[in-house]
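Below is one structure, written out as structure tokens; comments come after it.
Read the figures in this text as sums done on the coordinates, not as results from a lab. Computed from a prediction, not measured in an experiment: that's the story for all the values here. Because the Cβ atoms are built from the backbone with ideal geometry, glycine has one as well, and the counts that use them run over all protein chains shown.
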Amino acid sequence: MFRKISADYIYPVSTTKIEKGVVVVDNNGKVLEIGQRNQYNASELEIFEGVIVPGMVNTHCHLELSHMKGKIPTGTGLLTFIGNVVKERNADESWIQHCIEEADQYMLDSGIVAVGDISNKSDTFLTKENSKIRYYTFIENFDFMQEGRTHSDFEMYKKVYDLLQESAHLKKSMVPHASYSVSKELFALINGLNQNPNLTISIHNQETPPENELFISGEGQFNDFYERFNLSLNNFKPTGKSAIHYVLENLSPHHKTLFVHNTLTTREDIEAAHNELQQVYWATCPNANLYIENRLPDYRAFIDKDAKMTIGTDSLTSNWQLSILEEMKTILKYQSYIDFEQVLKWATLNGAEALGWDSEIGSIEVNKTPGIVLIENVGTDKTLLPNSTSRRIA
Ligand SMILES: [Zn+2]
């Protein structure tokens, strides 16, 4: 049986929107045909109010932290936030599993079809194996620049990496956590393991002002942060340049690179990354940025530089929900010069490309199985409203 699904508008993303469009899918959700209502008998159509978009891609999540929803105060800045996460992370094993499964189901129901997910542990692997969502798991490494810890830390994360079995819906890579937490030696070990050129490497980037300060002058709040955890910065030498330059000097340039957050990233930083790396994607997590630091990236700079933007939710430690629709609403609310179709592309096709699944998902095209998502309660001009909702219908 085929389903012939129609709504006020269909946004295929790869082509322009279709008024009163129809998308024909088979039992597995594979797109067979795209047309308009006047080509079909009205009786064979399922007609919805609202707009139809392809399944959404969440390029930055920490599913394993789902049990910490509502536990961490907002507005503290990144360094206090990290300290709180470390303190609150432990919980009952069955409660952790329950929250992971619930978060996976929530993402599926709200129309997310693929996730780029950070893992420090293997807690999420069973849920991912059984999920209808595609997961790109980024096994995250850090040694906090401590000499003598690098190899044992790497071996610990390598064990987690080895536990995840890849399949058509599950991919993995070893990734560095952030500029300020990964030594040159650890970057080299990570690069050594990521031999496959088709991999995507994700890294947290320029999320808080002290990060650039540390690299430029060696001063600032990171010194207190390291001290609080009894860590020494003796092995660290400031570079005199913003934090992203340290990453560009140490990360293999041959993979797709996914920079996450980028709230302090400048036009010069974007240019440097575009010059040094082969394929660069920039994940924005606006609700997490508002939760932790109460600031947003300079989106205009990214648009002016033709940067490939994607969208992430970050984790339930720093967000009220794992919804790409809510992230889109926030971007549109604060940045009126960005329109729905532009931000929809960030949320779908760009994310699919960043994770290497764009031949199967990311746009409504014949032979893709993108997931068909209905957005309801849209404005008369088909824009998002505060009470717009999204759900998977095929
Ligand atoms: Zn994160």
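If R0 is taken as 45 Å, the Cβ-Cβ distance between GLN321 and SER359 corresponds to a FRET efficiency of 0.90.
Computed extension length for LYS121-ASN294: 59.4 nm, one decimal, from 0.36 nm per residue of separation with the Cα-Cα distance subtracted. The H on the amide N of GLU33, modeled in the peptide plane, is under 5 Å from the matching H of VAL24, each at least 5 residues off or on a different chain. Extension gain for ASP26-SER43 works out to 4.3 nm (0.36 nm per residue, less the C-alpha to C-alpha distance).
Among rounded, prolate and oblate, which fits the stretch 261-332 when a ≥ b ≥ c are the square roots of the eigenvalues of its C-alpha gyration tensor, a/c under 1.5 means rounded, and a/b larger than b/c means prolate? It comes out prolate by the Cα gyration axes. Anisotropy class assigned to the stretch 348-394 is prolate, per the alpha carbon gyration tensor with a/c at or over the 1.5 cut-off and a/b larger than b/c.
Please give the helix 93-109 orientation as an angle from the longest Cα principal axis of the chain, in degrees from 0 to 90, rounded to the nearest 10. Roughly 40 degrees, rounded to the nearest 10.
Its Cα gyration tensor gives the stretch 287-394 an equivalent ellipsoid, and the semi-axes of that ellipsoid, as √(5λ) in whole Å with the largest first, are 22, 18, 15. With contacts taken as Cα pairs under 8 Å and at least 6 residues apart, the stretch 56-361 reaches a relative contact order of 22 percent. In terms of the mean number of neighbouring beta-carbon atoms within 10 Å, the peptides 144-153, 125-134, 50-59, 311-320 order highest first as 50-59, 311-320, 125-134, 144-153.
Against the main long axis of the alpha-carbon atoms of the chain, helix 184-193 sits at an angle near 40°. Once both axes come from the Cα atoms, what is the angle between helix 267-276 and the longest principal axis of the chain, in degrees from 0 to 90, rounded to 10? It works out to around 90 degrees. Going from the residue with the fewest nearby Cβ atoms within 10 Å to the one with the most, ARG89, ARG392, ARG228 rank ARG228, ARG89, ARG392.
Net length available on complete extension from VAL86 to ILE34 is 13.8 nm, with 0.36 nm assigned per residue and the Cα-Cα distance removed. Between the stretch 130-166 and the stretch 325-394, the C-alpha centres lie 30 angstrom from each other. Go ahead and run the numbers for FRET between LYS158 and ASP224, Cβ-Cβ distance against an R0 of 35 Å, rounding to 0.05. Step by step, r from the Cβ atoms, then E = 0.65. Based on DSSP H segments of at least four residues, each scored -39500 (n - 2.57), the chain has a per-residue ellipticity at 222 nm of -9500 deg cm²/dmol. Annotation: the residues ASP304, ASP8, sorted from fewest to most other C-beta atoms within 10 Å of their own C-beta, follow the order ASP304, ASP8.
Once the C-beta distance of GLN342 and HIS274 is scaled by a Förster radius of 25 Å, the resulting FRET efficiency is 0.85 to the nearest 0.05. The charge dipole of the stretch 56-361, taken about its Cα centre with unit charges on the Cβ atoms of Lys, Arg (+1), Asp and Glu (-1) only, comes to about 60 debye.
First check a/c for the stretch 56-361, with a ≥ b ≥ c the square roots of the eigenvalues of its C-alpha gyration tensor; if it is under 1.5, answer rounded, and if not, answer prolate when a/b is larger than b/c or oblate otherwise. Judged from the Cα gyration tensor, the stretch 56-361 comes out rounded (a/c under 1.5).
Ranking of TRP357, TRP282, TRP95 by neighbouring Cβ atoms within 10 Å, starting from the fewest: TRP95, TRP357, TRP282. DSSP beta bridges confined to the chain are antiparallel in about 35 percent of cases.
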